[in-house]
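K.L.:
Take a look at the following structure, please.
Read the figures in this text as sums done on the coordinates, not as results from a lab. These numbers come from a predicted model, not from an experiment. Note: ideal-geometry Cβ built from the backbone for every residue, glycine included; neighbour counts use all protein chains shown.
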Amino acid sequence: GHRLTWQAYHRYSDIEGYLDYLAQTYPDLCTVQTIGSSVQGKAIRVLKISNGNPGNKAIWMDGGIHAREWISPATVTFIINQFVSNFESEPAAVQNTDWYITPVLNPDGYEYSHTRDRLWRKNRKGGGQCAGVDLNRNFGYRWGGRGASKNPCTETYGGSGPFSEPETSAVRNFIQGNSAANWKAYISFHSYGQYVLYPWGYDRVVPPDYKDLESVGRKIASAIRSVGGPHYTVGPAANTLYPASGGSDDWAKGMAKFKYSYTIELRDNGRYGFVLPAAYIQPTATEALAAVRVVAEAAAAA
Ligand code: 0X9
Ligand code: ZN
């Protein structure tokens, strides 16, 4: 294992090597596990960061659901690095959380976006012209509704059924199988557009406790501003962006019963879009770190 820089985007094997390095270097704080395999057989890895306190709440965080959104894995690894290498300086809510973090949920797509097609979005199920399932249409809450396609040749193909893909079913199996964890918050990092989105995404409706989600969402956006970040728009996903069913956020809230569930669309606002220069990793990840600390605070109180 080895360290990473946050001055360049890294390949999947380097990110895996970094997780192994952390588990070796900080064995009292970090453990790595493989929760499944991608379509092409790559290991899907989760890093657990925990001080072992029995009263801890649990937070799930993922990146790289969409292959081309490279700022997402870079941000997630930056947050990991901050938590682990500066653990004692983190707020109590961060220290007293069991963190389960997968930086790249779609490793096949991520590698494909490095080697073949920079703007690839989906996983690599199948082949030819119509390869790939949109993993953020494949989660099993209101699967197959608005904003998801039945046509494999489209960018928003939801797959043959809910959780048809090994990448999404690995998340479901891990979370549902880990009932000892006191799950409170689920955060998915995507790009781009600078949004803090909460359920529902499947349609223009909101959950009964949407006021709690909105109020923590606003705290996230203001924490981002106070570390010098840009404006992030807060709101329910379908109303704020567009209706899209089968997202990880909706499943987390609707079926896995996480109180707080957010999709954070990182920078930028469209100037570079998915092809955000690496010089923006550090500022973007710094504001995302502020966001995650707010969620930890909310989870601690939930
Ligand atoms: O469309 C998506 O999956 C997300 N936007 S992206 O540009 N990163 O592809 C937004 C997902 C919001 N959540 C739901 N619709 N459930
Ligand atoms: Zn995305």
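K.L.:
Regarding segment 173-188, can at least one residue be identified that is within 15 Å of ligand 2 (Cβ to nearest atom) and either in contact with a Leu (Cβ under 8 Å, 6 or more places away or on another chain) or at positive phi (or both)?
P.N.:
Scanning segment 173-188, I find no residue that is within 15 Å of ligand 2 (Cβ to nearest atom) and either in contact with a Leu (Cβ under 8 Å, 6 or more places away or on another chain) or at positive phi (or both), so the answer is no.
K.L.:
Which count do you get for residues in segment 161-181 that are in a loop (DSSP other than H, G, I, E, B), surrounded by fewer than 23 Cβ atoms within 10 Å (Cβ to Cβ) and touching a residue at least 24 places away in the same chain (Cβ under 8 Å)? Quick ask: steps written out before the conclusion?
P.N.:
We begin by selecting, within segment 161-181, every residue in a loop (DSSP other than H, G, I, E, B); these are 161-165, 178-181.
Narrowing further to those that are surrounded by fewer than 23 Cβ atoms within 10 Å (Cβ to Cβ): 161-164, 178-181.
From what is left, the residues that are touching a residue at least 24 places away in the same chain (Cβ under 8 Å) are 162-164, 178, 181.
The total comes to 5.
K.L.:
Consider Thr77 against the criteria (1) in a helix (DSSP H, G or I); (2) more than 16 Å from ligand 1 (Cβ to nearest atom); (3) closer than 22 Å to Ala300 by Cα: it satisfies all of them except one. Which criterion is unmet?
P.N.:
Of everything listed in (1) in a helix (DSSP H, G or I); (2) more than 16 Å from ligand 1 (Cβ to nearest atom); (3) closer than 22 Å to Ala300 by Cα, Thr77 misses just condition (3).
K.L.:
Right, something else. Kindly indicate the residue of segment 263-277 that is surrounded by fewer than 15 Cβ atoms within 10 Å (Cβ to Cβ) and not charged (D, E, K, R) and also farthest from Pro230 (Cα to Cα) among those meeting that condition.
P.N.:
Of the residues in segment 263-277, the ones surrounded by fewer than 15 Cβ atoms within 10 Å (Cβ to Cβ) are 269-272, 275, 277.
Filter once more, so that each one left must be not charged (D, E, K, R): 269-270, 272, 275, 277.
On the way: Asn269: 10, Gly270: 13, Tyr272: 15, Val275: 18, Pro277: 17 Å.
Per the criteria, the residue is Val275.
K.L.:
Return a yes/no flag: does segment 27-45 have any residue that is part of a helix (DSSP H, G or I), of a type in the set (A, V, I, L, M) and out of contact with any strand residue (DSSP E or B) (no Cβ under 6 Å at 6 or more places or on another chain).
P.N.:
Going through segment 27-45, the residues part of a helix (DSSP H, G or I) turn out to be none.
No: zero hits.
K.L.:
From the list Phe258, Phe274, which one is part of a loop (DSSP other than H, G, I, E, B), in contact (Cβ under 8 Å) with a residue 40 or more places away in the chain and more than 14 Å from ligand 2 (Cβ to nearest atom)?
P.N.:
Numbers: Phe274 fails: more than 14 Å from ligand 2 (Cβ to nearest atom).
Step by step, each of Phe258, Phe274 is checked, and only Phe258 is part of a loop (DSSP other than H, G, I, E, B), in contact (Cβ under 8 Å) with a residue 40 or more places away in the chain and more than 14 Å from ligand 2 (Cβ to nearest atom).
K.L.:
Output yes when any residue across segment 150-158 is within 27 Å of Ile59 (Cα to Cα), under 20 Å from the mean Cα position of the chain (by Cα) and away from ligand 2 (no atom under 16 Å from the Cβ), and no when none is.
P.N.:
no
K.L.:
Would you be able to tell me the number of residues in segment 190-229 that are under 20 Å from the mean Cα position of the chain (by Cα) and part of a loop (DSSP other than H, G, I, E, B)? Can you show your working first?
P.N.:
At the first step, the residues of segment 190-229 found to be under 20 Å from the mean Cα position of the chain (by Cα) are 190-202, 213-214, 216-221, 223-224, 229.
Of the ones still in play, those that are also part of a loop (DSSP other than H, G, I, E, B) are 192-194, 199-202, 229.
The qualifying residues number 8.
K.L.:
Can you tell me which residues in segment 125-149 are within 22 Å of Lys42 (Cβ to Cβ) and within 16 Å of ligand 2 (Cβ to nearest atom)? Steps first, please.
P.N.:
Applying the first criterion (within 22 Å of Lys42 (Cβ to Cβ)) to segment 125-149 yields 125-128, 130-139.
Result: Gly132, Val133, Asp134, Leu135, Asn136, Arg137, Asn138, Phe139.
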